[in-house]
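Nothing in this text is a laboratory measurement; each read-out follows from the coordinates by a stated rule. Predicted model, so just to flag it, every value in this text is computed and none were measured. Glycine gets a Cβ as well: all are built from the backbone with ideal geometry, and neighbour counts include every protein chain shown.
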Amino acid sequence: MRHPLDTPDNWRKSSYSGGGDGNNCVEITNSPTHISVRDSKSPTNRILSFPVPSFTTFLQSLKSPTSR
């Protein structure tokens, strides 16, 4: 199986990309074990990669009313 980072078509832009051309956002891709995030304006620069459970916990904490 190919890793998602090897296939540019697997990168998806955030639904919060903003107006206009939507270039002010992050892109995300996933594999069974990791979620990876990159800047859409600089896709060849560094990529952040997280184990799925850690990324899930991070998203849940953002949605939590106590984190605001």
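With Cβ to Cβ distances under 9 Å as the rule, what net charge do the other residues near residue 40 carry (K, R +1; D, E -1)? Summing Lys and Arg as +1 and Asp and Glu as -1 gives +1. Sequence-ordered 3J(HN,Hα) estimates for segment 40-52 from the Karplus curve with 6.51, -1.76 and 1.60 and θ = phi - 60° stand at 5, 7, 9, x, 8, 7, 4, 10, 9, 10, 10, x, 3 Hz, glycine and proline given as x. Using modelled backbone amide H atoms (1.01 Å from N, in-plane), which distant-in-sequence or interchain residues come within less than 5 Å of residue 34's amide H? HN-HN under 5 Å from residue 34: 52.
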